[in-house]
Amino acid sequence: MPIQAPKGTRDILPEDINQWNFVEEEFSDICRRFGYNEIRIPVFEHTELFQRGVGDTTDIVQKEMYTFEDKAGRSITLRPEGTAGVVRSYIEHGMSSLPQPVKLFYQITAYRYENVQKGRYREFHQFGVELLGASDPAADVEVISILSLYFEKLGIKNLKLNLNSIGCPECRAEYNRLLKGFLSDIIVDMCDTCKTRYDRNPMRIIDCKEEHCKKQLVNAPALLDHICDDCSKHFDSVLQKLEAIGIPYAIDKNIVRGLDYYTRTVFEFVSENIGTQGTVCGGGRYDGLVEDCGGPPTPGIGFALGVERLLLEMESQGIKIPKQPAPDIYIGSIGEKAALASEKLAWQLRRNNIICIKDIMGRSVKAQMKYADKLGARYSLILGDTEIETNKARLKDMVNGETKDISLDTLIGRLIKNKASEWL
Ligand code: ATP
Ligand code: MG
């Protein structure tokens with residue numbers, strides 16, 4: 001049996017790569033327009049980074065990480081997300097001494113041991129942004145507006161922005177006490193995950209996906225109704241600024257986000273099209289994270305967008321993505337002399353940015369033309385002994401079949417100077 005790709009991984013084949021290139025380039029473009037620079041971080045880190053940086057009460061750390069010992073006995077984990085690695089890098093490279101804020105974006109693969117289904121894989125791709133050193137509500141709005149603009153440029157409609165504030169450690173401690181009071185009688189009736197969260201991180205019970213638990217929580221107090229004045233002012237200012245630039249939102253008091261490090265603003269962009277895996281993107285503020293990871297106190301906010309889900313959404317909305325350009329010209333040859341001439345010709349054209357495919361199979365002229373047709377080449381030109389002797393070759397428009405004899409001396413100049421559509 002031939003070996004197959006591991007469960008939950010997927011090849012991105014040449015026939016689909018234009019979609020990936022397109023969304024990647026558009027994302028980098030928009031991030032740069034907001035003054036963000038790209039950062040690349042390692043695929044694996046010390047396990048401890050994620051235990052601290054993602055939080056050891058999260059599903060990711062408890063159930064989903066790819067963790068192994070390396071040959072020297074170190075515990076290593078494949079990154080399940082990007083924020084922890086970026087924050088580690090910020091601290092390690094002393095970025096707090098750079099002019100603040102530090103604005104970073106990334107395009108990464110991430111690894112989680114998940115139940116594989118549509119839009120949920122074990123290796124997947126995220127685009128993300130981290131804005132470090134800015135605590136003002138304007139920073140929250142900038143990060144959210146990157147996404148809004150990105151979706152607008154891609155032509156994606158109807159992604160709903162849901163927002164919440166989960167306060168600061170102080171108001172949350174207060175709220176956790178209140179929630180535990182509410183749950184004290186019913187917790188025995190809830191799932192095991194809720195039971196462990198009850199002691200370790202009660203707020204996350206709100207995130208439970210079990211129908212039975214959800215029913216119990218209908219009348220639970222909402223954190224947003226209990227945040228402190230400062231957190232409340234921050235949230236109001238975020239909403240006001242979003243309104244000023246016309247970004248629609250809905251407040252969803254149930255968003256608590258799966259990661260432990262969030263504070264204040266949390267948000268998601270959700271689709272109704274792609275079914276259960278409808279969260280295309282999630283993000284939030286993490287004012288304690290840099291310090292938790294051993295750095296100086298530094299506010300931060302960011303998001304991560306699931307690229308597979310983005311592409312599913314684009315597909316379901318029927319959004320057309322520009323195809324890879326077809327070759328401008330196919331150069332065929334027959335015989336030794338012509339083969340040499342075709343080497344020179346193709347080399348000159350390629351040096352001048354013309355997409356040129358040439359025969360490297362020594363096939364018959366008929367087979368070469370068939371191949372040029374399959375490639376969708378715009379023009380073709382076949383060199384043989386006669387062409388070399390008369391110093392002339394026939395350029396053929398593969399779309400309408402028109403041809404023109406062109407002197408080999410002027411051919412290169414003509415092709416380089418003019419747009420491909422004007423070669424004949
Ligand atoms: P979910 O609730 O769907 O499990 P999450 O809260 O675990 O999502 P985050 O950790 O916030 O997701 O990651 C940000 C984004 O990455 C998600 O909104 C989603 O689009 C994408 N994502 C997360 N896990 C996967 C996965 N296993 N496969 C594909 N995309 C994923
Ligand atoms: Mg998840």
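Applying the Karplus parametrisation 6.51 cos²θ - 1.76 cosθ + 1.60 with θ = phi - 60° to the phi angles of the range 89-101, what ³J(HN,Hα) value in whole Hz is obtained for each residue in order, glycine and proline being reported as x?
5, 4, 6, 4, 9, x, 5, 5, 8, 7, x, 9, x
Ranked highest first by average number of other Cβ atoms within 10 Å, how do 360-373, 225-238 line up?
Ranked from most to least packed, the peptides come out as 225-238, 360-373.
If you average the sequence gap of Cα pairs under 8 Å that are 6 or more apart and divide by the length of the range 329-422, what percent do you get for the contact order?
Once divided by the residue count of the range 329-422, the mean separation gives 31 percent.
Which of the residue pairs K153/K209; K118/K241; K214/K253 have a Cα-Cα distance greater than 24 Å in the structure shown?
Correct reply: K153/K209; K118/K241.
If amide H atoms are built 1.01 Å from N in the plane of the peptide, which residues on other chains or at least 5 residues away come under 5 Å of the amide H of K358?
I331
If I take every Cα pair under 8 Å that is 6 or more residues apart in the range 1-115, average their sequence separation and divide by the length, what percent do I get for the relative contact order?
Numbers: 107 pairs, mean separation 35.0, N = 115.
Relative contact order, the range 1-115: 30 percent.
With no solvent and one equal point scatterer per Cα, compute the Debye intensity ratio I(q)/I(0) for the range 172-224 at 0.14 Å⁻¹ and report its log10, rounded to two decimals.
-0.28
Mind ordering 56-62, 37-43, 70-76 by average Cβ neighbours within 10 Å, highest first?
56-62, 37-43, 70-76
Which of V143, I39, T77 sits closest to the plus end of the dipole of the range 1-143, meaning its Cα is farthest towards the positive end, when Lys and Arg get +1 and Asp and Glu get -1 on the C-beta?
Result: T77.
Strictly over 31 Å apart at the Cα level, which of K63/K320; K157/K417; K180/K233 would you flag in this model?
The pairs that break the limit, which is 31 Å between Cα atoms, are K63/K320; K157/K417.
With θ set to phi - 60° and the Karplus curve 6.51 cos²θ - 1.76 cosθ + 1.60, what are the ³J(HN,Hα) couplings of the range 139-150 in order, to the nearest whole Hz, using x for Gly and Pro?
Couplings: 5, 4, 5, 4, 5, 5, 6, 4, 5, 4, 5, 4 Hz.
For T83, T390, write out the residues from largest to smallest accessible area, computed with a 1.4 angstrom probe and no ligands counted.
Highest to lowest solvent-accessible surface, that is T390, T83.
Only Cα pairs within less than 10 Å get springs; with that Gaussian network setup on the chain, which residue of L224, L183, L132 has the largest fluctuation?
Maximum among the listed residues: L183.
What percent of all Cα-Cα pairs in the range 329-422 falls into each 10 Å bin, going from 0 up to the bin containing the maximum distance?
The calculated distribution, bin by bin, is 17, 56, 27, 0.
Using a 1.4 angstrom probe, figure out how much accessible area the chain has per residue, in square angstrom, rounded to the nearest whole.
Each residue of the chain exposes 51 Å² on average to a 1.4 Å probe.
Taking amide H atoms as placed 1.01 Å from N in the peptide plane, list the residues 5 or more away in sequence, or in a different chain, whose amide H sits under 5 Å from that of L383.
Under 5 Å from the amide H of L383: G332, S333, I334.
Which value results when the Cα radius of gyration for the chain is divided by 2.2 N^0.38 Å?
Normalised Rg, Cα atoms only: 1.29.
Spelling out what I want: for every residue of the range 216-229, take phi, set θ = phi - 60°, compute 6.51 cos²θ - 1.76 cosθ + 1.60 (Karplus), and round to whole Hz; glycine and proline get x.
Working through the residues one at a time gives 5, 8, 3, 9, 5, x, 9, 4, 4, 7, 10, 6, 6, 4 Hz.
What percent do you get for the relative contact order of the chain when only Cα pairs under 8 Å and 6+ apart count?
Numbers: 707 pairs, mean separation 63.4, N = 424.
The normalised contact order for the chain reaches 15 percent.
Restricting to the range 329-422, compute how many DSSP beta bridges are antiparallel as a %, nearest 5. Present the calculation step by step, with values, prior to reporting the outcome.
Numbers: 8 of 16 bridges.
Beta bridges within the range 329-422, antiparallel portion: roughly 50 percent.
Over the range 354-424, what percent of the accessible surface lies on carbon and sulfur atoms, probe 1.4 Å?
About 51 percent, which is the carbon plus sulfur part of the accessible surface.
The values are calculated or read from the model by the stated rules, or taken from the named source; none is laboratory data. Because the structure is predicted, anything quoted here is derived from the model rather than measured. Heads up, the Cβs are rebuilt from the backbone with ideal geometry, glycines too, and the neighbour counts pull from every protein chain shown. Accessible surface is based on the protein model in full, side chains and every heavy atom, while ligands, DNA and RNA are left aside. Shrake-Rupley method; radii C 1.70, N 1.55, O 1.52, S 1.80 Å.
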